[in-house]
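The values are calculated or read from the model by the stated rules, or taken from the named source; none is laboratory data. Computed from a predicted model, the values in this text were never measured in an experiment. Methodologically, a virtual Cβ is constructed for each residue, glycine included, from the backbone with ideal geometry; neighbour enumeration extends over all protein chains shown. When the accessible area is computed, the model is the full protein with side chains, heavy atoms only, and any ligands, DNA or RNA have been set aside. Shrake-Rupley method; radii C 1.70, N 1.55, O 1.52, S 1.80 Å.
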Amino acid sequence: MFEDADLTRDGFLGGRLHVWQPRQGYRAAMDPVLLAAACPAGPGDAVLELGCGAGVAALCLAARAPGVRVTGLELQPDYAALARRNAQENAVALAVVEGDLGNLPGALRAQSFDQVIANPPYYPAGGGTPARDPGRERALREDTPLADWLTVAMRRLRPGGWLTMIQSADRLAEMLALPCAAGIEVLPIAPRAGRDATRVILRARKGGRSRLRLLAPFILHSGLCHDRDGDSLTTEAQAVLRHAEPLLF
């Protein structure tokens, strides 16, 4: 378990949430906030987050869409405990289940959900320089293949339910190999106008018929470079990241 001295308490959504995160482990930034903003959940929806970490995406979703019922699956016990603490301190009813996505706990196999959200590790197994902190390494470099994340997500959805996932843009081809999916929508996330997208958010509906939609990119920053932390955010990015507005598709 993390000691308080090993944690920082960080604000999200313009201070609507305050979340404990490890100083040296995996630390959430924009990506889980964007993920939560892209999820089309409404009051009463049952939502499953695969790999919830310290709970940032789940808590942001609950803050933006009151009345959702969120369950998080987390492999690492210390992060699962941190997610429970963050939920309690932010007065959010988040159920956290410890377990491996590759061997899903029976409690989750017996359920289906209206929405599934996920921010899987961006880097494939092997290659690269491992992170010195094991928790950060596990969060950033996959142990379970991305295809398995997609399969588990679609199996846990009810017919007509939506998967929302954020990933590195260079893995979009893998994400499009979705089982039982239609109505696929892809939103590129670019750091600034004229720059390549570094992330993509994919939304896919289980069942039904619809063509693939590739949307115009969502631009995070204006100008040519950062002025100060957050000052260069576009008006649209500020609405999502600071004011809990939905990320419109």
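Things worth noting here:
- Remark: the chain carries a charge dipole of roughly 780 debye about the Cα centre, counting +1 on each Lys and Arg Cβ and -1 on each Asp and Glu Cβ.
- Dipole axis of the chain (+1 Lys, Arg; -1 Asp, Glu on Cβ), positive-most option in 178, 20, 97: 178
- Structure remark: mean-square fluctuation, Gaussian network model of the chain, C-alpha springs under 10 Å; the largest value among 54, 237, 173 belongs to 173.
- Amide H to amide H, with H built 1.01 Å from N, residue 49 comes under 5 Å of 71, 72, 73, 117, counting only residues 5 or more places away or on other chains.
- Relative contact order (%) - the chain, alpha-carbon pairs under 8 angstrom, separation at least six: 18
- Residues with amide H under 5 Å from that of residue 181, placed H, sequence gap 5 or more: 207
- For residue 108, the shell of other residues with beta-carbons less than 12 Å away shows a net charge of -1, using +1 for Lys and Arg and -1 for Asp and Glu.
- Taking every alpha-carbon pair under 8 Å whose residues sit at least 6 apart, the stretch 1-72 reaches a relative contact order of 28 percent.
- Note on the chain: GNM, Cα springs under 10 Å; of 34, 214, 108, the largest mean-square fluctuation is that of 214.
- Since only 57, 87, 43 are under comparison, the one whose Cα sits farthest along the positive direction of the charge dipole of the stretch 40-93, derived from C-beta charges on Lys, Arg, Asp and Glu, is 43.
- Highest-fluctuation residue, 83, 91, 58 considered, GNM on the chain with Cα pairs under 10 Å: 91
- Alpha-carbon spread of the stretch 41-127, three principal axes, descending order, Å: 41, 27, 22
- Within the shell defined by Cβ-Cβ distances under 12 Å, the residues around residue 204 carry a net charge of +3, with Lys and Arg each +1 and Asp and Glu each -1.
- CD proxy at 222 nm, helix term only [per DSSP H run n ≥ 4: -39500 (n - 2.57); per residue of the chain; nearest 500]: -7000 deg cm²/dmol
- DSSP beta bridge pairing in the chain, given as percent antiparallel to the nearest 5: 45
- With all protein chains in place and a 1.4 Å probe, the accessible surface of the chain carries 50 percent carbon and sulfur.
- With a simple spin-label model that places each label point 7 Å from the Cα along the Cα-to-Cβ direction, the separation between residue 174 and residue 215 comes to 2.3 nm.
- For the chain, convex hull volume per residue from C-alpha positions, Å³: 128
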